[in-house]
Amino acid sequence: MLPAEFLSRFEMTCPSDLLADALASFAAKEAVAFRINRLKVSAPEPVLAELAGLGIECAPVAWAQAAGVWAYTCPQEQRETLTYSLAASVGTIYIQSLSSMLAPILLAPRPEEWVLDLAAAPGGKTILLAEMMGNQGKISAVEPVSARYHRLKANLARMGVSNTQTYLKDGRVVGSLKPDSFDRVMLDAPCSSESRFKTWDPASCEHWSPAKVSECAKKQKRLILSAFDALKPGGVLMYCTCSFAPEENELIVDHLLKKREGVHLLPLALDLPNLRPGLGEWKGKPLAAACLETRRVWPTGEMDGFYLALIGKA
Ligand code: SAM
């Protein structure tokens, strides 16, 4: 069972036409998504043939492929075979949820740019950013938790990432250390991870409470100011979480709008039926109209829940 308070908050925010599928997704064992790594192979076919040889049935994901990302899904029962395949261990594939692929795709880094990934471990988004940049330009990847930092480094090495410098550092100080520096910033903020809740895995939600949401929001407010301060004028920031809590999403964007000049929300150009505008109000209090430009990814059988805000700096 999921926490009753979490469920009632979820039902207050989820659009009614998506609610039944979204609630069902908490009980589902959905398809496994992965990417073929363009930093390691020049065509997907040999990798797909290798996986087919293991009995793995791969289906391409159209919207990601259209963005140049070689993304596929396979049935949940094949997860273990995929996880322990040679392709996964040598880094020709990377297992990553489809929602997690969205944020780098929409941040759209260019090869010559300097990109900051402010909360980087275990590195799934950093690796996709590096792939999209063809290992050119520069990525600075920040992670303060030592064990996670070392996992980040190992993942970057395995996946063939060579344009990234890692830093064992608290992201909250980066904005004052490197003001107005980066062309693009990814802030995949530490959060209450509500979209990972599963009815068949009580451990997934055992640490959830409204106090946990508030604690995350406090840190996120400082991280988003740091991320925005680190951005060059004219640069673009992606703020995202895997939480449904308005306190961790629209209210964080609202906080940035109140605290800094020159913040504007950019359109998120992806047309998927489960991507809907951010909330315009919460608990009867209006939020900045710009929050409607942000996007909530509602969970389906195929995608986890996510929140995305693409923010420009004048
Ligand atoms: N972007 C990662 C990926 O795609 O693999 C996942 C990031 S995870 C949602 C959030 C990360 O933020 C965690 O690794 C956590 O340890 C880190 N974190 C926690 N506090 C932080 C802080 N003060 N500054 C920067 N990162 C922090």
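Values quoted throughout were computed directly from the atomic coordinates according to the rules given, and no laboratory measurement underlies them. Here the structure is a predicted model, which means the values were calculated and not measured. All Cβ positions, glycine included, derive from the backbone under ideal geometry; neighbour counts span all protein chains shown.
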For this session: With a ≥ b ≥ c taken as the square roots of the eigenvalues of the C-alpha gyration tensor of segment 53-153, please select rounded if a/c is under 1.5 and otherwise prolate if a/b is larger than b/c or oblate if it is not?
Result: oblate
Exercise. ³J(HN,Hα) across segment 15-25 via Karplus (A = 6.51, B = -1.76, C = 1.60, θ = phi - 60°), whole Hz, x for Gly/Pro?
Worked result: x, 4, 6, 10, 4, 4, 5, 5, 5, 4, 5
Problem set entry | Protection proxy ranking, peptides 178-185, 224-231, average beta carbon neighbours within 10 Å, highest first | 224-231, 178-185
Problem set entry | Residue with peak Gaussian network fluctuation, the chain [Cα springs, cutoff 10 Å], from R38, R296, R196 | R196
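Compute the relative contact order of the chain as a whole-number percentage, counting only Cα pairs closer than 8 Å that sit 6 or more residues apart in sequence. Walk me through the intermediate numbers first.
Working: 622 pairs, mean separation 55.8, N = 314.
The normalised contact order for the chain reaches 18 percent.
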Seminar exercise, completed: Of all DSSP beta bridges with both partners in segment 1-147, the antiparallel percent, nearest 5, is 70 percent
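By count of other Cβ within 10 Å, fewest leading, how are S193, S89 ordered?
Working: S193 17, S89 11.
Least to most surrounded, the residues fall as S89, S193.
Pairs K125/K313; K198/K283; K40/K212; K125/K212: which exceed 28 Å Cα-Cα?
With Cα atoms farther than 28 Å apart: K40/K212.
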Exercise. Working from the pairwise distances between different alpha carbons, so that the mean of 1/r is found and then inverted, what is the chain's Kirkwood radius in Å?
Worked result: 19.9 Å
Exercise. Per residue, how much space in cubic angstrom lies within the convex hull of the C-alpha atoms of segment 152-245?
Worked result: 130 Å³
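Report the rotationally averaged projected area of segment 81-126 based on its alpha-carbon convex hull, in square nanometres. Write out the running numbers ahead of the final one.
Numbers: hull surface 16.4 nm².
Seen from a random direction, the Cα hull of segment 81-126 projects 4.1 nm² on average.
Would you mind ranking H264, H150 by Cβ crowding within 10 Å, fewest neighbours first?
Details: H264 12, H150 15.
Listing H264, H150 from fewest to most nearby Cβ atoms yields H264, H150.
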Problem set entry | In segment 153-219, the GluC sites (Glu not before Pro) that fall in loop regions by DSSP, at most 10 other Cβ within 10 Å | E206
For this session: Apply the Karplus parameterisation 6.51 cos²θ - 1.76 cosθ + 1.60, with θ equal to phi minus 60°, to every residue of segment 140-156 and state each ³J(HN,Hα) to the nearest whole Hz, in sequence, with x for glycine and proline.
Result: 10, 10, 10, 8, x, 8, 3, 4, 6, 4, 5, 5, 4, 4, 5, 5, 4
Seminar exercise, completed: Residues whose built amide H sits under 5 Å from the amide H of L231, excluding neighbours closer than 5 in sequence, are D180, S181, F182
Exercise. Which of L152, L106 comes first, and how do the rest follow, when ranked by fewest Cβ neighbours within 10 Å?
Worked result: L106, L152
For this session: Assign unit charges at the C-beta atoms only (+1 for Lys and Arg, -1 for Asp and Glu), then state the dipole size of the chain relative to its Cα centre in Debye, rounded to the nearest 20.
Result: 1060 debye
For this session: Return the sequence-ordered ³J(HN,Hα) values of segment 300-314 in whole Hz as given by the Karplus equation 6.51 cos²θ - 1.76 cosθ + 1.60 applied to θ = phi - 60°, using x for Gly and Pro.
Result: 10, x, 9, 10, 7, x, 7, 10, 9, 9, 9, 10, x, 10, 5
Exercise. What is the set of long-range amide H partners of K40 at a cut-off below 5 Å, with H atoms built 1.01 Å from backbone N?
Worked result: none
Exercise. Using modelled backbone amide H atoms (1.01 Å from N, in-plane), which distant-in-sequence or interchain residues come within less than 5 Å of V32's amide H?
Worked result: C74, Q76
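Could you work out the local net charge near S16, counting Lys and Arg as +1, Asp and Glu as -1, over the other residues with Cβ closer than 15 Å to its Cβ?
On the way: positive: R276, R296; negative: E11, D17, D21.
Neighbourhood net charge equals -1.
Rg/Rh for segment 78-236 to two decimals, with Rh computed the Kirkwood way over all alpha-carbon pairs. Kindly include the intermediate steps, with their values, before the conclusion.
On the way: Rg = 16.3 Å, Rh = 16.6 Å.
Rg divided by Rh gives 0.98.
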Seminar exercise, completed: For A43 and E281, extending 7 Å from Cα along the Cα-Cβ vector and measuring point to point gives, in nm, a value of 5.8 nm
For this session: Calculate how many DSSP beta bridges within the chain are antiparallel, expressed in % of all such bridges and rounded to the nearest 5.
Result: 60 percent
